[in-house]
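Chemist: Have a look at the structure that comes next, please.
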Amino acid sequence: VFEGQGTKENPYQISTAADLTKLKKRVKAGKIPENTYFVLTDDITLPEGWTPIGIKTSKFQGNLDGDNHLLTVPKGEKCLLGYVADSTLKNLNIYGEQIASDGVVCNYEVDHSSRNPIKIDNVTLKAGTQTLKSGFIGGYASGQNQITITNSTVEKGVVIGYDKAQSNIGSFGGDFNGTIENCVSYADVYGTKYVGGISGNKGQS
(Lines give C-alpha, C1' and ligand atoms only; values in the text may rest on other atoms or scores of the structure.)
Protein backbone atom coordinates (compact mmCIF):
# COMPACT_ATOMS: atom_id res chain seq x y z
CA VAL A 1 0.00 0.00 0.00
CA PHE A 2 2.86 2.36 0.90
CA GLU A 3 6.58 2.30 0.11
CA GLY A 4 8.49 0.79 3.03
CA GLN A 5 7.68 -1.89 5.58
CA GLY A 6 6.12 0.07 8.45
CA THR A 7 8.98 -0.71 10.82
CA LYS A 8 11.14 1.70 12.82
CA GLU A 9 14.08 0.92 10.52
CA ASN A 10 12.03 1.08 7.29
CA PRO A 11 8.86 3.12 7.90
CA TYR A 12 6.02 3.46 5.44
CA GLN A 13 6.62 6.54 3.27
CA ILE A 14 3.99 9.28 3.08
CA SER A 15 4.73 11.67 0.21
CA THR A 16 1.37 13.07 -0.97
CA ALA A 17 -2.06 14.15 0.26
CA ALA A 18 -3.39 11.00 -1.39
CA ASP A 19 -1.12 8.94 0.87
CA LEU A 20 -2.52 10.70 3.95
CA THR A 21 -6.06 10.06 2.73
CA LYS A 22 -5.17 6.39 2.22
CA LEU A 23 -3.72 6.26 5.74
CA LYS A 24 -6.85 7.86 7.18
CA LYS A 25 -9.11 5.31 5.44
CA ARG A 26 -6.99 2.38 6.59
CA VAL A 27 -6.97 3.62 10.20
CA LYS A 28 -10.76 4.02 10.06
CA ALA A 29 -11.10 0.47 8.75
CA GLY A 30 -8.84 -0.87 11.52
CA LYS A 31 -6.20 -2.03 9.05
CA ILE A 32 -3.16 -0.28 10.60
CA PRO A 33 -1.60 -2.38 13.38
CA GLU A 34 -0.52 -0.68 16.61
CA ASN A 35 3.03 0.72 16.66
CA THR A 36 3.36 1.00 12.87
CA TYR A 37 5.91 3.59 11.70
CA PHE A 38 5.41 6.28 9.06
CA VAL A 39 7.63 9.06 7.70
CA LEU A 40 6.82 12.12 5.59
CA THR A 41 9.12 12.33 2.58
CA ASP A 42 7.85 15.67 1.22
CA ASP A 43 5.93 18.82 2.17
CA ILE A 44 2.19 18.06 2.00
CA THR A 45 -0.96 20.17 1.83
CA LEU A 46 -4.07 18.48 3.22
CA PRO A 47 -6.91 18.07 0.68
CA GLU A 48 -10.14 20.08 0.74
CA GLY A 49 -12.87 18.48 2.84
CA TRP A 50 -10.28 16.81 5.08
CA THR A 51 -11.36 14.88 8.18
CA PRO A 52 -8.60 14.12 10.72
CA ILE A 53 -6.94 10.70 10.99
CA GLY A 54 -8.47 8.45 13.65
CA ILE A 55 -12.05 8.15 14.86
CA LYS A 56 -13.46 7.29 18.27
CA THR A 57 -13.96 3.62 17.43
CA SER A 58 -10.70 3.25 15.50
CA LYS A 59 -7.94 5.53 16.74
CA PHE A 60 -4.54 6.32 15.20
CA GLN A 61 -2.03 4.24 17.17
CA GLY A 62 1.08 4.68 15.06
CA ASN A 63 4.31 6.66 14.97
CA LEU A 64 4.59 9.53 12.51
CA ASP A 65 7.92 11.26 11.80
CA GLY A 66 7.51 14.47 9.79
CA ASP A 67 11.25 14.48 8.98
CA ASN A 68 11.06 18.28 9.40
CA HIS A 69 8.71 18.72 6.45
CA LEU A 70 5.87 21.25 6.29
CA LEU A 71 2.24 20.21 6.59
CA THR A 72 -0.17 22.89 5.32
CA VAL A 73 -3.79 22.93 6.45
CA PRO A 74 -6.02 24.78 3.93
CA LYS A 75 -8.15 27.63 5.29
CA GLY A 76 -11.22 26.33 7.10
CA GLU A 77 -10.02 22.72 7.30
CA LYS A 78 -9.26 20.71 10.45
CA CYS A 79 -5.93 19.44 11.73
CA LEU A 80 -3.99 16.27 10.89
CA LEU A 81 -5.01 13.92 13.72
CA GLY A 82 -8.41 13.11 15.20
CA TYR A 83 -8.59 10.43 17.88
CA VAL A 84 -5.22 9.02 19.02
CA ALA A 85 -4.04 6.25 21.34
CA ASP A 86 -0.47 5.25 22.24
CA SER A 87 0.86 7.27 19.31
CA THR A 88 3.83 9.52 18.60
CA LEU A 89 4.31 12.56 16.36
CA LYS A 90 7.67 14.25 15.86
CA ASN A 91 9.73 16.55 13.63
CA LEU A 92 6.84 18.31 11.91
CA ASN A 93 6.18 21.92 10.89
CA ILE A 94 2.54 22.95 10.57
CA TYR A 95 1.03 25.99 8.87
CA GLY A 96 -2.63 26.86 8.47
CA GLU A 97 -4.09 30.28 7.65
CA GLN A 98 -7.20 29.34 9.62
CA ILE A 99 -7.33 25.84 11.15
CA ALA A 100 -10.93 25.20 12.19
CA SER A 101 -9.98 23.01 15.17
CA ASP A 102 -7.01 22.50 17.47
CA GLY A 103 -3.76 22.77 15.56
CA VAL A 104 -2.38 19.23 15.80
CA VAL A 105 -4.82 16.78 17.47
CA CYS A 106 -8.60 17.20 17.72
CA ASN A 107 -9.52 14.60 20.32
CA TYR A 108 -8.21 12.03 22.70
CA GLU A 109 -10.26 9.45 24.49
CA VAL A 110 -10.68 9.56 28.23
CA ASP A 111 -10.58 5.88 29.06
CA HIS A 112 -8.40 3.15 30.54
CA SER A 113 -7.23 1.69 27.23
CA SER A 114 -4.52 4.26 26.43
CA ARG A 115 -2.44 5.73 29.22
CA ASN A 116 -0.40 7.85 26.79
CA PRO A 117 -2.66 8.90 23.90
CA ILE A 118 0.15 10.81 22.18
CA LYS A 119 3.74 11.93 22.66
CA ILE A 120 4.56 15.01 20.57
CA ASP A 121 8.20 16.03 20.08
CA ASN A 122 9.79 18.81 18.01
CA VAL A 123 6.60 20.09 16.39
CA THR A 124 6.30 23.75 15.35
CA LEU A 125 3.28 25.90 14.54
CA LYS A 126 4.64 28.31 11.95
CA ALA A 127 4.18 32.09 11.92
CA GLY A 128 0.92 33.19 10.30
CA THR A 129 -1.00 30.16 11.55
CA GLN A 130 -4.36 30.68 13.24
CA THR A 131 -6.23 28.01 15.19
CA LEU A 132 -9.85 28.06 16.35
CA LYS A 133 -9.07 26.05 19.49
CA SER A 134 -5.81 25.22 21.30
CA GLY A 135 -2.56 25.32 19.38
CA PHE A 136 -1.67 21.64 19.80
CA ILE A 137 -4.35 19.49 21.41
CA GLY A 138 -7.93 19.51 22.59
CA GLY A 139 -9.97 16.96 24.44
CA TYR A 140 -10.99 16.59 28.03
CA ALA A 141 -8.25 16.07 30.62
CA SER A 142 -8.13 12.96 32.79
CA GLY A 143 -5.51 11.52 35.10
CA GLN A 144 -5.84 8.26 33.20
CA ASN A 145 -4.58 9.81 29.98
CA GLN A 146 -1.23 11.58 30.01
CA ILE A 147 -0.19 13.71 27.04
CA THR A 148 3.52 14.51 26.56
CA ILE A 149 4.70 17.53 24.55
CA THR A 150 8.44 18.21 24.34
CA ASN A 151 10.85 20.48 22.43
CA SER A 152 8.05 22.23 20.56
CA THR A 153 7.40 25.80 19.48
CA VAL A 154 4.53 28.12 18.63
CA GLU A 155 6.11 30.91 16.62
CA LYS A 156 5.54 34.65 16.85
CA GLY A 157 2.66 35.71 14.63
CA VAL A 158 0.48 32.73 15.52
CA VAL A 159 -3.07 33.39 16.76
CA ILE A 160 -4.72 30.85 19.08
CA GLY A 161 -8.51 31.20 19.35
CA TYR A 162 -9.17 33.33 16.26
CA ASP A 163 -12.90 33.71 16.98
CA LYS A 164 -12.08 34.87 20.54
CA ALA A 165 -15.05 32.86 21.86
CA GLN A 166 -13.48 29.58 23.06
CA SER A 167 -12.86 28.47 26.64
CA ASN A 168 -10.21 26.02 27.91
CA ILE A 169 -7.68 27.26 25.38
CA GLY A 170 -3.89 27.63 25.33
CA SER A 171 -0.89 27.45 23.03
CA PHE A 172 -0.28 23.77 23.71
CA GLY A 173 -3.33 22.43 25.55
CA GLY A 174 -6.82 23.36 26.59
CA ASP A 175 -7.90 21.24 29.55
CA PHE A 176 -4.47 19.67 29.76
CA ASN A 177 -3.28 16.53 31.48
CA GLY A 178 0.32 15.39 31.29
CA THR A 179 3.71 16.99 30.70
CA ILE A 180 4.86 20.00 28.69
CA GLU A 181 8.66 20.28 28.71
CA ASN A 182 11.18 22.51 26.91
CA CYS A 183 8.45 24.20 24.87
CA VAL A 184 7.94 27.88 24.08
CA SER A 185 5.07 29.93 22.67
CA TYR A 186 5.12 33.44 21.24
CA ALA A 187 1.46 33.29 20.20
CA ASP A 188 -1.41 35.64 20.95
CA VAL A 189 -4.06 33.57 22.75
CA TYR A 190 -7.71 34.64 22.91
CA GLY A 191 -10.67 33.13 24.75
CA THR A 192 -13.48 33.65 27.24
CA LYS A 193 -12.41 31.65 30.31
CA TYR A 194 -9.57 29.29 31.24
CA VAL A 195 -7.18 30.96 28.80
CA GLY A 196 -3.44 30.41 29.09
CA GLY A 197 -0.20 31.13 27.29
CA ILE A 198 0.85 27.50 27.69
CA SER A 199 -2.35 25.73 28.78
CA GLY A 200 -5.86 26.95 29.46
CA ASN A 201 -6.57 24.63 32.39
CA LYS A 202 -4.27 22.37 34.35
CA GLY A 203 -5.53 18.90 35.07
CA GLN A 204 -3.15 16.45 36.72
CA SER A 205 -0.09 17.94 35.07
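The values are calculated or read from the model by the stated rules, or taken from the named source; none is laboratory data. Quick caveat: nothing in here was measured; it's all calculated off a predicted structure. Cβ sites come from the backbone with ideal geometry, for glycine too, and all protein chains shown count toward neighbours. Each accessible area value is taken on the protein alone, full model and side chains, heavy atoms only, with ligands, DNA and RNA left out. Shrake-Rupley method; radii C 1.70, N 1.55, O 1.52, S 1.80 Å.
Chemist: If you check N10, N122, which single one turns out to be touching a strand residue (DSSP E or B) at 6+ places or on another chain (Cβ under 9 Å), at pLDDT 95 or above and under 17 Å from I147 (Cα atoms)?
Modeler: N122
Chemist: Still on this structure, I have one more. What number goes with the only condition from (1) closer than 22 Å to Q166 by Cβ; (2) touching a helix residue (DSSP H, G or I) at 6+ places or on another chain (Cβ under 8 Å); (3) open to solvent by less than 10 Å² (accessible area, probe 1.4 Å) that V84 does not pass?
Modeler: Unmet condition: (2).
Residues checked against (1) of a type in the set (S, T, N, Q); (2) free of Cβ contacts under 8 Å to residues at least 12 places away in the same chain; (3) closer than 19 Å to L89 by Cβ:
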{"residue": "K133", "(1), (2), (3)": "no, no, yes"}
{"residue": "I147", "(1), (2), (3)": "no, no, yes"}
{"residue": "G161", "(1), (2), (3)": "no, no, no"}
{"residue": "K164", "(1), (2), (3)": "no, no, no"}
{"residue": "I180", "(1), (2), (3)": "no, no, yes"}
{"residue": "V195", "(1), (2), (3)": "no, no, no"}
{"residue": "Q204", "(1), (2), (3)": "yes, no, no"}
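Chemist: Determine whether region 149-156 contains at least one residue that is among the polar types (S, T, N, Q), under 18 Å from the mean Cα position of the chain (by Cα) and open to solvent by 60 Å² or more (accessible area, probe 1.4 Å).
Modeler: Checked against the condition, which is being among the polar types (S, T, N, Q), under 18 Å from the mean Cα position of the chain (by Cα) and open to solvent by 60 Å² or more (accessible area, probe 1.4 Å), region 149-156 yields at least one hit.
Chemist: Sticking with this structure for a sec: I'd like the full set of residues that are assigned to a loop (DSSP other than H, G, I, E, B) and either surrounded by fewer than 15 Cβ atoms within 10 Å (Cβ to Cβ) or at pLDDT 95 or above (or both), limited to region 169-193.
Modeler: Hits for region 169-193 are S171, F172, N182, C183, Y186, A187, Y190, G191, T192, K193.
Chemist: Oh, and also: Show the residue pairs that are 6+ apart or on different chains and have beta-carbon atoms under 9 Å apart, the first residue being within region 10-27 and in contact (Cβ under 8 Å) with a residue 24 or more places away in the chain and outside any helix (DSSP H, G or I), the second being among the hydrophobic types (A, V, I, L, M, F, W, C) and open to solvent by 60 Å² or more (accessible area, probe 1.4 Å).
Modeler: Taking only residues 6 or more apart or on different chains, the pairs are Y12/V1.
Chemist: Moving on. Scan region 116-126 for residues that are surrounded by fewer than 24 Cβ atoms within 10 Å (Cβ to Cβ) and closer than 17 Å to G76 by Cα and jot them down.
Modeler: Of everything in region 116-126, just one residue is surrounded by fewer than 24 Cβ atoms within 10 Å (Cβ to Cβ) and closer than 17 Å to G76 by Cα, namely K126.
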